[in-house]
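Working notes for the structure below.
The values are calculated or read from the model by the stated rules, or taken from the named source; none is laboratory data. None of these values were measured; they are calculated from a predicted model. When we count neighbours, we look across all protein chains shown, and the Cβ atoms used for this are built from the backbone with ideal geometry, even at glycine. The protein model used for the area step is the full one, side chains on, heavy atoms only, and it has no ligands, DNA or RNA in it. Shrake-Rupley method; radii C 1.70, N 1.55, O 1.52, S 1.80 Å.
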Amino acid sequence: MPKIIFDPEKLPVEALGGEAALDPGRLAPAWLRQRFASPPDWQPEPPGESWGGRKELMPASVLLPLVQRPAGLTMLLTVRTAHLSAHAGQISFPGGRAESYDASAVATALRESEEEIGLQRRHVEVIGTLPDYITGTGYRVTPVVGLIAPPFALAADANEVAEIFEVPLQFLMDGMNHQRLSLELPEGAGQRSFYAMPYDRFFIWGATAGMLRNLFHFLRA
C-alpha cells in the first residue's frame with residue numbers, strides 16, 4: 001500500500017477514552033516499581049494503526065522516561081526533526097531500531113536514548129517493559145519504562161531531535177485526555193483508528209499515544 005499522507009490534527013475527534021484519571025498514589029515511584037515487579041492480569045489495547053500485512057517486522061525499542069520532579073512524575077518526550085524520512089516532526093519517545101550488538105531490548109532503548117538525547121544510562125532505573133507494539137511502518141517496538149532522578153544533562157542529536165519536553169504523567173494517565181480519531185483508507189482498505197493526547201502546543205498521537213494508552217491500562221488494572 002502506498003504511503004498515506006494526512007494531518008492528524010485536522011481530523012475530527014470521534015470519542016474520548018473517557019476512563020477516570022488514575023489515583024495519584026498509582027503515579028508514585030514506589031507504587032510503579034511494585035506494579036512492574038508483580039504485574040496484574042490485563043489486556044493491551046489493539047494498536048489500530050497497523051496496516052499493510054507486513055510479515056517481517058523490524059525490532060526496535062523506546063524508553064518511556066519518567067522524570068521524578070518535585071510536583072510529580074513527568075514523561076520525557078521528543079519532537080523529531082522535520083527532514084527525517086519516517087515520522088518527521090512527530091512526538092516520539094527516545095529510541096530506535098535494534099542493532100545486532102545490543103544485548104537486549106532494554107539495551108537498545110538505553111543506547112538509543114544516549115545517542116538521541118544524551119541521557120546517560122546511569123541516570124535510568126529500568127523498572128520494566130510493556131508488551132511489544134506493532135507500528136504501521138513495520139516495527140515491533142518494545143517499550144522500556146524507566147525512572148529518571150534529576151539532576152541529569154541532555155544533549156539532543158540535531159539530526160534526529162528538534163526538541164525535548166516533558167508532560168505531567170497525571171495528564172497522560174487520564175482517559176478524558178485521550179482522543180479517538182479515525183481515518184478512511186484509500187481504495188476501500190477500511191479505516192485506521194488511533195489515539196491522540198494533545199498537550200499545550202504538542203500533538204501526541206499514533207504509536208506514541210498508543211503506548212501511553214497501554215501504560216494507562218497497565219497501571220489502572
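One decimal place: the segment I5-R220 gains 74.0 nm when fully extended, by the rule 0.36 nm per residue minus the C-alpha distance.
Near I127: Cβ cut-off under 11 Å, other residues only, Lys/Arg at +1 and Asp/Glu at -1. The net charge is +1. Applying both filters, DSSP loop and at most 11 other Cβ atoms within 10 Å, to the GluC sites (Glu not before Pro) of the stretch 155-221 gives E187. Residues considered: A98, A20, A60. Largest GNM mean-square fluctuation over the chain, using C-alpha springs under 10 Å, is found at A20.
Here Cα extents along the principal axes in Å was calculated from the structure, and among (1) 50, 40, 33; (2) 54, 44, 31; (3) 66, 40, 23 it sits at label (1). Can you give me the Cα centroid spacing of the stretch 94-134 and the stretch 2-43 in angstrom? Measuring centre to centre over Cα atoms gives 20 Å. Share of antiparallel DSSP beta bridges in the chain, in percent to the nearest 5? Antiparallel bridges make up about 80 percent of those DSSP assigns within the chain.
Please state the shape class of the stretch 158-199: rounded when a/c is under 1.5, otherwise prolate if a/b exceeds b/c and oblate if not, all from the C-alpha gyration tensor. Here the stretch 158-199 falls in the oblate category.
Taking H178, H123 and ordering them by how much accessible surface each has at a 1.4 Å probe, largest first, produces H123, H178.
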